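Scroll down for the structure; my scribbles are underneath it.
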Amino acid sequence: MTERNRPGDDATDAALIAQWKAGNQRAASQLVGRHASALARFAASSGARADIDELVQDTFVRAFASLDGFRGESSFRTWMFTILRRLLVDRQRSAKRRPEGVELTEGVATTAFDPLDEVVATESHGRVRDAIARLTPTQRDVFLLRVTEGLSYKDIATTLDSTEGAARVHYHNAMRAIKEFLDA
Amino acid sequence: MRDCENVTMREQLPELLHGQLSAEARVAVEEHVAGCADCSAELEVLRRVRAAVPAPRVNVDRIVASIPPYRGAPRAWAAVRSARVFGLPTLHVAAAALVILTAVGVLARLRAPHPTDAPTATAPPVARVAPPVTSQQAKGPVAAPVVTQLSLGEPLSDLSESDLRALAATVDDLEAAPSADIDAAEPSLIDIDTEGDT
């Protein structure tokens, strides 16, 4: 995935990281501003609710504390998603809401997904969210990383500690399920 | 809604949605979508999903304030910890090598023969080095110590007195051969060079 820059912000993520290491704290602000929303969206879609702010903050703190370990094998945003995903799994494991490694079978809907409680949604949006809510957790993560964040299958596999092939299958199964729900 | 059979085009719809395609690829996918009802419908689904899942608000300033300043390059130990060998963490590789070497050492020690297991009944015939004879040194050129395997010949004790004397005389007649004082030596300890060392 290519690095994303805001309009008027031509610095790449790598350049901002270098500037932050050189003592420019504003570079950190730019990186947070560039990626915080996407991380919050992924956290919300993965079932996090009231602690989204804290989750995103923890993700950034961990990421900046270990930036020397970031080797640039994936994009900075994908790396951030990976850290957030691990935080989510740790929290979900401790809460015993969704034990890691136990993947729900296809067609089993999750009832925990309702990331948009505070949003007054249109009827169309509500129907789409209902369709998403019926996906399995893995299908949902793959589908939303692809559709809302634009991640490649490779980046999704990195984030979810899976394979490109598995990500592709989950994506198409999710797409088929959503089409069927919306057509019904 | 059906799935378009043109997988190549269909797979690029999310990239089209996010503006991640090259100019050339974008034109090609847009032209395909314009003529494909299935891809057009799927692209519309993607747009609806993206719109239906907005990002919650986050307090960027608070996040930035929580990020500590950079503390500098990692120390040597941290560098070792983060280094990799063949794509694996160095420490993991070192630990695995240590375990393997230890296992090999233990196996080698277990398989080595114990001193008490050494064979004792198959010792080869004893070869003795004849001690230098004093008269031999006095008589002339020193011959190398003569080795005789007594077990291969007849024991001297089986020879008669006359045979022994004849043998001693023969030896004395040999050049550079030590004289043998047959009377002064114990027959069982006399070593004879049957090959002759001239």
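Residues that are surrounded by fewer than 21 Cβ atoms within 10 Å (Cβ to Cβ) and either at the interface with chain B (Cβ under 9 Å from one of its Cβ atoms) or touching a residue at least 40 places away in the same chain (Cβ under 8 Å) (or both) within segment A:53-63 comprise A:53, A:58, A:61, listed in sequence order.
Yes or no, residue by residue, for (1) closer than 29 Å to residue A:54 by Cα; (2) more than 9 Å from chain A (Cβ to nearest Cβ):
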site	(1), (2)
B:3	no, no
B:8	no, yes
B:21	no, yes
B:28	no, yes
B:36	no, yes
B:41	no, no
B:48	yes, no
B:54	yes, no
B:59	yes, no
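Among the conditions (1) free of Cβ contacts under 8 Å to residues at least 12 places away in the same chain; (2) crowded, with 21+ Cβ neighbours inside 10 Å; (3) more than 20 Å from residue A:40 (Cα to Cα), residue A:147 misses just one, which is (3).
What tally of residues in segment A:159-176 results from selecting those that are surrounded by fewer than 22 Cβ atoms within 10 Å (Cβ to Cβ) and more than 11 Å from every other protein chain (Cβ to nearest Cβ)? So that I can check it myself, show each step before the final result.
Step one: filter segment A:159-176 for residues surrounded by fewer than 22 Cβ atoms within 10 Å (Cβ to Cβ), giving A:160-166, A:168-169, A:171-173, A:176.
Going one step further and asking which of them are more than 11 Å from every other protein chain (Cβ to nearest Cβ), we end up with A:160-166, A:169, A:173.
The number of residues fulfilling the criteria is 9.
Inside segment A:132-142, can you point out the residues that are more than 8 Å from every other protein chain (Cβ to nearest Cβ) and either closer than 12 Å to residue B:53 by Cα or not hydrophobic (A, V, I, L, M, F, W, C) (or both)? Passing the criteria: A:133, A:134, A:136, A:137, A:138, A:139, A:140, A:141.
For the structure I just gave you, tell me whether residue A:45 is under 12 Å from the mean Cα position of the chain (by Cα), facing chain B (nearest Cβ under 9 Å) and not hydrophobic (A, V, I, L, M, F, W, C). Here the answer is yes, as residue A:45 does meet what is asked. Among the residues making up segment B:42-67, those that are touching a residue at least 12 places away in the same chain (Cβ under 8 Å) and surrounded by 18 or more Cβ atoms within 10 Å (Cβ to Cβ) are B:42, B:43, B:45, B:46, B:50. Of the helices (runs of 4 or more DSSP H) lying entirely inside segment A:20-102, those carrying at least 2 residues that are more than 27 Å from residue B:89 (Cβ to Cβ) are A:25-45, A:52-65.
Within segment A:67-96, the set of residues being within 13 Å of chain B (Cβ to nearest Cβ), polar (S, T, N, Q) and more than 20 Å from residue A:12 (Cα to Cα) is empty.
Each reported figure results from applying straightforward, stated rules to the coordinates on display, with no laboratory input. Keep in mind it's a predicted model, so treat the numbers as computed, not measured. For neighbour counting, all protein chains shown are included, and Cβ atoms are generated from backbone atoms with ideal geometry for every residue, glycine included.
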